[in-house]
Structure formats: structure tokens, C-alpha cells
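Engineer: After the C-alpha cells below, expect a handful of questions from me.
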């Protein structure tokens with residue numbers, strides 16, 4: 001029996017307990033050091049196991065309910081969920097089952113359930129893999145699925161859920177030459193200019209990382225900076241800048257970039273990324289509402305529900321329930337209004353959110369146009385490579401969804417619109 005396997009799986013169960021029991025996000029847990037005691041490779045595996053279990057949660061629960069008269073305590077249930085996922089994905093039955101039993105036995109409050117865990121998982125070994133294949137794609141929780149069906153229709157939401165279940169590929173943004181980066185790393189050059197990798201492995205070991213030739217950034221997340229189309233010598237303000245992907249895109253154009261974010265730790269990551277890539281930007285740690293001045297262009301990647309990132313963050317619909325979204329929507333309106341005051345006459349602002357909810361995208365722009373009579377939408381700004389005309393919305397923004405580019409691995413959900421202050 002591998003003690004490394006036990007420690008790794010036990011850490012994954014801890015992550016599941018925190019997400020499903022305490023409503024915490026994996027990113028918060030990991031940044032707080034939840035996996036620090038593990039070796040790097042085991043840390044990556046524990047995180048992957050937790051992510052995959054969350055993606056397949058509906059399936060694991062459907063399989064387990066056949067063998068449980070009542071649900072055991074959360075930790076035991078999460079041990080069973082994780083083990084069921086591994087077994088249905090071809091994991092070695094002996095190691096998976098033994099480790100699950102040992103993990104339950106290590107806790108005095110659950111050690112009496114070792115026999116139950118062993119018995120249930122032996123049944124999963126026999127029946128689970130075949131049953132797994134015929135179960136439906138896991139659905140989003142009702143609090144999120146309902147609004148999305150209303151916005152996009154049932155068929156589209158089924159496609160979105162399929163993209164979530166498939167998970168995310170890794171995309172890279174090249175500092176200058178996307179085709180050269182694709183050749184170096186063995187990736188595919190997407191029509192938008194991003195480079196896509198299906199099996200990336202360790203990021204820092206990829207060709208061009210230490211030279212700063214590229215950075216990790218979902219293809220959809222790279223589009224707002226392309227829409228802004230910053231030019232050499234322009235003054236550009238990047239609001240809510242961390243972790244810095246868009247900052248680096250803007251800096252690579254030769255624009256004079258000021259990046260603002262109120263999170264010191266995340267801004268340190270921006271600083272490190274700029275150093276690695278050899279790009280220049282002025283960094284300001286502070287509240288964007290306190291910023292002043294007049295800029296040629298502003299990029300506002302507003303805080304949002306992040307519902308567009310579930311394909312890479314499957315913990316989000318389990319850790320949240322939508323109750324805080326109204327506060328976020330109000331904040332987005334204030335930020336958008338303030339961002340517009342920072343434009344020179346004729347200047348342009350790109351508003352974007354990694355959200356699938358129209359209230360955080362289309363509706364925000366519609367209402368901003370009502371409040372600001374000296375602002376118009378620049379539809380032509382969306383005429384960039386890779387953008388399908390059908391993605392452009394009625395008010396002149398761009399709606400990106402995870403089910404788009406399904407044959408290529410999908411993309412994050414985003415809303416993007418370019419506004420101009422009229423002279």
C-alpha cells in the first residue's frame with residue numbers, strides 16, 4: 001500500500017470537504033497552503049483528483065445511491081465519491097479501495113465505517129465502470145441552470161455542461177509570434193491567435209517559458225485586449241489587472257500601460273510575470289475607484305460571478321449559490337461608470353466579465369448606454385480574427401460561451417464590449 005497514495009487522496013478529500021461542506025473555493029484553499037506538505041507531483045495529483053471528482057459529482061452520487069441506504073457523513077461520502085471516480089476511470093481497484101478504507105480508518109469519527117466503504121466500493125468495482133458510461137452529463141445546479149436556460153435555451157446549456165464536464169485545455173498567449181510558439185511547444189494555433197495544448201505537462205518545463213515568450217491565458221480571456229487594440233505610445237489603464245495576462249498583452253503592443261489592482265499578493269504575480277516576459281507596465285496597488293486621469297484606452301475586467309470559468313473551476317457552482325451576485329452587479333455598474341470618466345474624448349473602454357450571466361454583461365452595457373449619452377458602442381472593434389458574427393449581441397457586445405469551439409476544446413465564457421467616449 002502506498003503511503004504517498006493515501007496522503008494524496010486524503011488531501012483531495014480534504015479539499016472536497018472544504019468546498020462541499022464549507023463553501024470554500026479551491027483557489028483560496030491552495031493559496032492558503034492546503035497542499036503545502038505534499039511533494040509537487042502529489043500536490044498536482046491531489047488537486048486534479050478533487051477537480052475531476054467535482055466535475056463528475058452527479059455521476060458518482062447516482063452510482064453510490066444504489067448501494068447506500070442513507071448517506072454517511074460528508075467526509076466518508078467524499079472518500080466514496082473520489083474512489084468511485086477513480087474506479088470508473090480505470091484506477092487500479094486494489095490500491096483505490098485499500099486507500100479509501102485506510103483514509104476512513106485514520107479518523108476516529110469515521111473508522112467504524114471502514115467495512116461500509118469496503119463493501120460499497122467492491123460493488124462499484126463490479127458495476128461502476130459500465131454504468132458510468134451511460135449516465136448523463138452532469139448538470140449545473142438549479143440556481144445557475146435556470147437563468148442560463150432562459151438566456152440561451154436548453155440545447156445550448158446542455159452544450160455548455162458538456163464543455164464543463166470535458167474540462168479545459170491549456171492555452172498560451174504569445175508575446176509576439178503565436179505561430180512560432182505553437183511550433184516550439186507542439187501546440188495548435190487557434191484562429192484568434194492563442195496557442196492550445198491538450199497535454200501540457202509541467203508549464204515551466206515547456207520551451208519558451210524561461211525566455212518569457214508566452215504566458216498561460218485562456219483563449220477567451222485573451223480576446224478583450226485584442227478588442228481594445230492598444231497602439232504603440234497610447235496611454236492605457238488596465239483595471240482589476242491581476243494576475244496580469246491582459247496587462248502583458250497590452251504592454252506587448254508598445255502602449256504605456258498602468259495596471260491597477262487592490263490585491264498586493266496578486267499584483268506581485270503581475271510583477272513576476274512582467275519580469276519573466278521582459279515587458280514594462282506601471283503597477284498600482286489600490287482601489288480602482290480612487291484612480292484619476294485621462295487615458296486613450298481603458299480595459300475593465302470587472303469582478304464577477306466567474307460562471308464562465310467552470311470548465312476549469314468546477315468547484316464554483318458547489319461553493320456558491322448566487323446569493324452574492326446582486327452585490328457584484330451593483331459594483332460592476334459603479335466601476336464601469338468610473339472607468340468611462342477616465343477616458344479622453346474619443347477614448348475607448350473595453351468592459352468584460354468572465355460570466356455567463358447577461359446581467360453581468362449585455363445588461364450592464366445596455367444600462368450604461370442609457371446613463372451616458374456621450375458613449376457609443378464600437379461594433380467594428382469586434383472585427384478580429386476568430387470571432388464569429390453570431391457571437392455579436394444585439395447591443396453590440398461579444399458573447400463567448402464554453403460550448404463554442406467545441407471541436408477544438410471549448411473556451412471560457414466571457415462577455416466583451418468596446419465603448420467610446422464621443423468627442
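Engineer: Return the total of residues in the range 404-423 being touching a residue at least 24 places away in the same chain (Cβ under 8 Å), surrounded by fewer than 20 Cβ atoms within 10 Å (Cβ to Cβ) and closer than 23 Å to residue 154 by Cα.
Structural biologist: 2
Engineer: Here's a follow-up. Picking from 314, 264, 243, which residue would you name as being surrounded by fewer than 16 Cβ atoms within 10 Å (Cβ to Cβ) and more than 17 Å from residue 348 (Cβ to Cβ)?
Structural biologist: Of 314, 264, 243, the one residue that is surrounded by fewer than 16 Cβ atoms within 10 Å (Cβ to Cβ) and more than 17 Å from residue 348 (Cβ to Cβ) is 264.
Engineer: Assuming residue 62 fulfils every condition listed in (1) in contact (Cβ under 8 Å) with a residue 40 or more places away in the chain; (2) more than 20 Å from residue 118 (Cβ to Cβ); (3) assigned to a loop (DSSP other than H, G, I, E, B) apart from one, which condition is it?
Structural biologist: Checking residue 62 against (1) in contact (Cβ under 8 Å) with a residue 40 or more places away in the chain; (2) more than 20 Å from residue 118 (Cβ to Cβ); (3) assigned to a loop (DSSP other than H, G, I, E, B), the one that fails is (3).
Engineer: Being assigned to a helix (DSSP H, G or I) and over 19 Å from residue 310 (Cβ atoms) is the filter here; which residues of the range 32-47 pass it? Give the steps one after another, and end with the answer.
Structural biologist: Quick first cut of the range 32-47, residues assigned to a helix (DSSP H, G or I) only: 40-47.
Passing the criteria: 40, 41, 42, 43, 44, 45, 46.
Engineer: List the number of the failed condition for residue 150; all other conditions in (1) assigned to a loop (DSSP other than H, G, I, E, B); (2) free of Cβ contacts under 8 Å to residues at least 24 places away in the same chain hold.
Structural biologist: (1)
Engineer: For the range 243-267, give me the residue count where each residue is under 14 Å from residue 300 (Cα atoms) and without any contact (Cβ under 8 Å) to a residue 60 or more places away in the chain.
Structural biologist: Total satisfying the criteria: 11.
Engineer: Among 359, 403, 407, which is modelled with pLDDT under 95 and closer than 27 Å to residue 160 by Cβ?
Structural biologist: 407
Engineer: Also, I was wondering about something else. Scan the range 153-174 residue by residue and report those that are outside any helix (DSSP H, G or I) and farther than 20 Å from residue 199 by Cβ.
Structural biologist: Selection gives 153 alone.
Engineer: Need pairs with beta-carbon distance below 9 Å; first residue assigned by TED's automatic domain parsing to the domain that holds residue 75 and touching a residue at least 12 places away in the same chain (Cβ under 8 Å) and within the range 88-104, second crowded, with 22+ Cβ neighbours inside 10 Å and part of a loop (DSSP other than H, G, I, E, B); sequence gap 6+ or separate chains.
Structural biologist: 88/56; 89/56
Engineer: Further question on the same structure: Taking the condition in the same structural domain as residue 13 (by TED's automatic domain parsing) and assigned to a helix (DSSP H, G or I), does residue 68 pass?
Structural biologist: For residue 68, the condition - in the same structural domain as residue 13 (by TED's automatic domain parsing) and assigned to a helix (DSSP H, G or I) - is not met.
Engineer: Those residues that are closer than 19 Å to residue 287 by Cα and outside any helix (DSSP H, G or I), I need them from the range 330-365; list them, please.
Structural biologist: 342, 343, 349, 350, 351, 352, 353
Engineer: Considering only residues of the range 382-396 that are touching a residue at least 40 places away in the same chain (Cβ under 8 Å) and assigned to a loop (DSSP other than H, G, I, E, B), which is nearest to residue 361 (Cα to Cα)? Explain how you work it out, then say what you get.
Structural biologist: Of all residues in the range 382-396, those touching a residue at least 40 places away in the same chain (Cβ under 8 Å) come to 382, 384-387.
Now drop any that are not assigned to a loop (DSSP other than H, G, I, E, B), which leaves 384-387.
Details: 384: 20, 385: 22, 386: 20, 387: 17 Å.
Restricting to residues being touching a residue at least 40 places away in the same chain (Cβ under 8 Å) and assigned to a loop (DSSP other than H, G, I, E, B), the top hit is 387.
Engineer: Looking only at residues that are in contact (Cβ under 8 Å) with a residue 24 or more places away in the chain and either surrounded by fewer than 19 Cβ atoms within 10 Å (Cβ to Cβ) or in the same structural domain as residue 263 (by TED's automatic domain parsing) (or both) in the range 18-30, which one is nearest to residue 263 (Cα to Cα)?
Structural biologist: The extreme case among them is 27.
Engineer: While we're looking at this one, here's another question. Tally the residues that are within 16 Å of the chain's Cα centre (by Cα) and buried (at least 21 other Cβ atoms within 10 Å of the Cβ), restricting the search to the range 199-216.
Structural biologist: The qualifying residues number 1.
Engineer: Looking at the range 276-306 only, could you name the residues that are within 24 Å of the chain's Cα centre (by Cα), surrounded by fewer than 18 Cβ atoms within 10 Å (Cβ to Cβ) and closer than 24 Å to residue 232 by Cβ?
Structural biologist: Matches in the range 276-306: 276 only.
Engineer: Can you tell me how many residues within the range 103-116 are over 33 Å from the mean Cα position of the chain (by Cα) and in a helix (DSSP H, G or I)?
Structural biologist: 7
Engineer: So which of 353, 370, 393 ends up being at pLDDT 95 or above and out of contact with any helix residue (DSSP H, G or I) (no Cβ under 7 Å at 6 or more places or on another chain)?
Structural biologist: Only one candidate passes the filter, namely 370.
Engineer: Of the residues 311, 371, 379, only one is closer than 30 Å to residue 233 by Cβ and not assigned by TED's automatic domain parsing to the domain that holds residue 49; which?
Structural biologist: Details: 311 fails: closer than 30 Å to residue 233 by Cβ; 371 fails: closer than 30 Å to residue 233 by Cβ.
Result of the check over 311, 371, 379: 379.
Engineer: How do the helices (runs of 4 or more DSSP H) wholly within the range 175-270 filter down when requiring 3 or more residues that are within 23 Å of residue 414 (Cα to Cα): which remain?
Structural biologist: 219-228, 245-252
The values are calculated or read from the model by the stated rules, or taken from the named source; none is laboratory data. For clarity, every value in this text was computed on a predicted model and none was experimentally measured. When we count neighbours, we look across all protein chains shown, and the Cβ atoms used for this are built from the backbone with ideal geometry, even at glycine.
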